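**Student:** Here you go, one structure.
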Amino acid sequence: MDNAFENYIQSYFGVPAETVAEIVSYFRPQSLVKGDFFLKEGAHCDKMGFVQSGIVREYLTDEHGREVTKWISTQGYFVVDIAGFLFQSPARWNLQALSDCELLVIHKSDYAQISQKVPQWPQLEKLFIARCFTILEQRIVTHLSLSSEERYALFFSHYRELFNLVPLQYLASMLGMTPETFSRIRNKWAKKSS
């Protein structure tokens, strides 16, 4: 197993090395080719992935047929339709590789086994879900309290490399903007920095 993944699990959950080894033993490598789907909307979500390399887009298609990007996951992010995974509801999100990807994947059946091998797993799982919720809550606050230009600036300051790797309409959607607004702000920022 990849040491970077073990280090990530260690830092994320703060558990002893032997517990980390037990948890990561349930993950298996999976490769995706650019364009492949890790999960399709409406399908049964029976796995969760950790991105080791590559880029995965999380999106849905709204009632008007428009694609709405929730997130662009890169190295060090988990990818999953959390409601589908935990509650066995049909997946709401499409998870599609925007580049060739290497993932570490755990299937629902193996995920269920962890609690039998790791006694503190229920508390760790709560911590994981709480962190997911906190990240989501911060994104909602950002969308509600910042202007389009402020959201652009904040995202650009943290994820600058994505602007050269991901179609810009996906970034615009994720930031809650039309492609035209995104382009206008991007041009304004380009003029400022030149």
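**Student:** L86 is checked against (1) surrounded by fewer than 17 Cβ atoms within 10 Å (Cβ to Cβ); (2) closer than 19 Å to V51 by Cα; (3) under 19 Å from the mean Cα position of the chain (by Cα) and fails just one. What number does that condition carry?
**Tutor:** (2)
**Student:** What residue, of A91, A172, is more than 27 Å from V20 (Cβ to Cβ), buried (at least 18 other Cβ atoms within 10 Å of the Cβ), out of contact with any strand residue (DSSP E or B) (no Cβ under 7 Å at 6 or more places or on another chain) and not polar (S, T, N, Q)?
**Tutor:** Among A91, A172, only A172 is more than 27 Å from V20 (Cβ to Cβ), buried (at least 18 other Cβ atoms within 10 Å of the Cβ), out of contact with any strand residue (DSSP E or B) (no Cβ under 7 Å at 6 or more places or on another chain) and not polar (S, T, N, Q).
**Student:** Looking at the stretch 45-56, which of the residues that are of a type outside the set (V, I, T) and assigned to a loop (DSSP other than H, G, I, E, B) is farthest from L168 (Cα to Cα)?
**Tutor:** D46
**Student:** Moving on to the next point. Keeping to the stretch 94-116, report how many residues are modelled with pLDDT of 85 or more and either within 17 Å of T19 (Cα to Cα) or part of a helix (DSSP H, G or I) (or both). Can you show your working first?
**Tutor:** Kept after step one, since they are modelled with pLDDT of 85 or more, are these residues of the stretch 94-116: 94-114, 116.
Keeping just the survivors that are either within 17 Å of T19 (Cα to Cα) or part of a helix (DSSP H, G or I) (or both) gives 106, 108-114, 116.
Residues in the stretch 94-116 being modelled with pLDDT of 85 or more and either within 17 Å of T19 (Cα to Cα) or part of a helix (DSSP H, G or I) (or both): 9 in total.
**Student:** Considering only residues that are in a loop (DSSP other than H, G, I, E, B) and in contact with a helix residue (DSSP H, G or I) (Cβ under 8 Å, 6 or more places away or on another chain), look in the stretch 67-82 and name the one that is farthest from C101 (Cα to Cα).
**Tutor:** The extreme case among them is G76.
**Student:** Could you tell me whether the stretch 23-44 includes any residue that is assigned to a loop (DSSP other than H, G, I, E, B), among the hydroxyl-bearing types (S, T, Y) and at pLDDT 90 or above? If you could, list the steps in order and put the result at the bottom.
**Tutor:** Pass one, the stretch 23-44, residues assigned to a loop (DSSP other than H, G, I, E, B): 25-27, 33-36, 40-43.
Pick out the ones that are also among the hydroxyl-bearing types (S, T, Y) and you get 25-26.
This time we only want the ones that are at pLDDT 90 or above, so: 25-26.
Yes - at least one qualifying residue is present in the stretch 23-44.
**Student:** One residue is enough: does the stretch 138-150 have a residue meeting the conditions under 22 Å from I55 (Cα atoms) and surrounded by 14 or more Cβ atoms within 10 Å (Cβ to Cβ)?
**Tutor:** yes
**Student:** When you scan the stretch 151-169, how many residues do you find that are of a type in the set (K, R) and either surrounded by fewer than 15 Cβ atoms within 10 Å (Cβ to Cβ) or under 17 Å from V56 (Cβ atoms) (or both)?
**Tutor:** Total satisfying the criteria: 1.
**Student:** Out of the stretch 127-152, which residues are among the charged types (D, E, K, R) and touching a residue at least 12 places away in the same chain (Cβ under 8 Å)?
**Tutor:** Those that are among the charged types (D, E, K, R) and touching a residue at least 12 places away in the same chain (Cβ under 8 Å): R131, E149, R151.
**Student:** Here are E58, E6: which of them is closer than 21 Å to Q138 by Cα, charged (D, E, K, R) and without any contact (Cβ under 8 Å) to a residue 40 or more places away in the chain?
**Tutor:** E58
**Student:** Also, I was wondering about something else. Which condition does G54 not pass, out of (1) modelled with pLDDT under 90; (2) surrounded by 18 or more Cβ atoms within 10 Å (Cβ to Cβ); (3) on the phi > 0 side of the Ramachandran plot, if it passes all the others?
**Tutor:** Against the list (1) modelled with pLDDT under 90; (2) surrounded by 18 or more Cβ atoms within 10 Å (Cβ to Cβ); (3) on the phi > 0 side of the Ramachandran plot, G54 comes up short only on (1).
**Student:** Quick check, is F85 in contact with a helix residue (DSSP H, G or I) (Cβ under 8 Å, 6 or more places away or on another chain) and not charged (D, E, K, R)?
**Tutor:** So F85 fits the description; yes.
**Student:** Which condition does I185 not pass, out of (1) over 16 Å from W71 (Cβ atoms); (2) in contact (Cβ under 8 Å) with a residue 40 or more places away in the chain; (3) β-branched (V, I, T), if it passes all the others?
**Tutor:** (2)
**Student:** Here is a follow-up. Could you pull out the residue among Y59, Y12 that is aromatic (F, W, Y), buried (at least 19 other Cβ atoms within 10 Å of the Cβ) and either at pLDDT below 95 or not in a helix (DSSP H, G or I) (or both)?
**Tutor:** Exactly one of Y59, Y12 is aromatic (F, W, Y), buried (at least 19 other Cβ atoms within 10 Å of the Cβ) and either at pLDDT below 95 or not in a helix (DSSP H, G or I) (or both), namely Y59.
The values are calculated or read from the model by the stated rules, or taken from the named source; none is laboratory data. Here the structure is a predicted model, which means the values were calculated and not measured. Ideal geometry is used to build each Cβ from the backbone, glycine not excepted, and the neighbour counts take in all protein chains shown.
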